[in-house]
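Working notes, structure below.
The values are calculated or read from the model by the stated rules, or taken from the named source; none is laboratory data. All values reported here derive from a predicted model rather than from experimental measurement. For neighbour counting, all protein chains shown are included, and Cβ atoms are generated from backbone atoms with ideal geometry for every residue, glycine included.
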Amino acid sequence: MPDDLQIIHRDTQLLAVHKPAGLLVHRSALDAHADDDVVTRLRAQLGAPVWPAHRLDKGTSGVQLLALDADSARRLGAVFAGTACAPGDASRPDKRYLALVRGWPADAGEIDQPLARDPELPSAGQPRLAACTRWQVLQRLQLPMATDGRHADTRLALVAVQPLTGRRHQIRRHFKALAHPLIGDATHGKGPLNRAVAAHLGWQRLWLHALSLTLPHPASGVPLTLRAEPGPEWAGLLGGDALTD
């Protein structure tokens with residue numbers, strides 16, 4: 001029997017849980033052999049249907065918001081449907097993530113680069129959709145091991161990320177475009193580096209965590225902030241114990 005998911009918010013319309021890394025939000029043809037997902041587990045846990053308001057990638061942990069009725073699901077769908085890159089609109093969700101990336105990017109920045117709609121298909125011939133991502137480096141890290149023949153150590157950065165739009169794999173694809181792919185990203189990252197870091201840290205995962213989500217409640221319009229604290233695997237990175245700064 002799968003473990004119950006940690007509930008971080010529940011009212012008559014909404015439910016938010018802390019999604020663990022490695023768990024699908026719902027069944028997908030892209031992972032046809034998976035027999036466990038957030039929606040199925042919550043339906044068993046609550047004895048009632050749920051509707052995902054958005055989707056975190058399987059490897060991503062953190063805040064996952066769901067609706068408890070079809071009308072709230074439709075309202076949330078409108079909230080998450082924003083496509084413009086301009087920040088500051090209180091009617092749109094404010095999403096904040098933690099990511100561990102290769103190398104040392106600039107202290108802060110924003111990438112405005114349209115992305116193909118479906119990251120699973122070749123980009124050629126697909127429409128390009130507006131996509132913007134902001135980031136700020138929280139900590140620069142060095143692993144005392146060589147993963148590139150040109151360097152005696154391995155540089156990583158812990159980064160706070162704010163996607164202003166919500167394209168599939170947006171953070172992962174944007175950081176790949178910046179030449180700072182996420183650690184543990186099997187699709188857009190570097191396999192040998194991912195394996196070396198996993199062996200050094202003792203954790204194998206996509207290093208992306210949905211830390212917080214703020215949005216207007218679909219029933220009252222009052223701002224609601226949801227937060228999922230990072231798991232124990234992030235403790236050494238956040239405190240600087242596992243790596244040398």
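Looking across the range 135-185 at every residue that is under 16 Å from residue 208 (Cβ atoms) and charged (D, E, K, R), the one that is surrounded by the fewest Cβ atoms within 10 Å (Cβ to Cβ) is identified as 168.
Tell me whether the range 144-152 contains one or more residues that are without any contact (Cβ under 8 Å) to a residue 60 or more places away in the chain and charged (D, E, K, R).
Pass one, the range 144-152, residues without any contact (Cβ under 8 Å) to a residue 60 or more places away in the chain: 145-152.
Now restrict to residues that are charged (D, E, K, R): 148, 150.
Within the range 144-152, one or more residues are without any contact (Cβ under 8 Å) to a residue 60 or more places away in the chain and charged (D, E, K, R).
Quick one: would you say residue 100 is part of a strand (DSSP E or B), more than 19 Å from residue 210 (Cβ to Cβ) and either touching a Gly at 6+ places or on another chain (Cβ under 7 Å) or at pLDDT 90 or above (or both)? In short, no. I want to confirm something. Restricting to the range 201-232 and keeping residues that are surrounded by 20 or more Cβ atoms within 10 Å (Cβ to Cβ) and assigned to a loop (DSSP other than H, G, I, E, B), which single residue is farthest from the chain's Cα centre (by Cα)? Among those that are surrounded by 20 or more Cβ atoms within 10 Å (Cβ to Cβ) and assigned to a loop (DSSP other than H, G, I, E, B), it is 218.
Could you say which residue among 173, 140, 155 is modelled with pLDDT of 90 or more, touching a Lys or Arg at 6+ places or on another chain (Cβ under 8 Å) and not in a strand (DSSP E or B)? So that I can check it myself, show each step before the final result.
Working: 140 fails: not in a strand (DSSP E or B); 155 fails: not in a strand (DSSP E or B).
After applying the criteria, what remains is 173.
Only residues that are under 28 Å from residue 153 (Cβ atoms), in contact with a Gly (Cβ under 9 Å, 6 or more places away or on another chain) and not polar (S, T, N, Q) were counted across the range 196-222, and they come to 10. Restricting attention to the range 53-67, the residues that are farther than 13 Å from residue 171 by Cβ and in contact with a Phe, Trp or Tyr (Cβ under 8 Å, 6 or more places away or on another chain) total 4.
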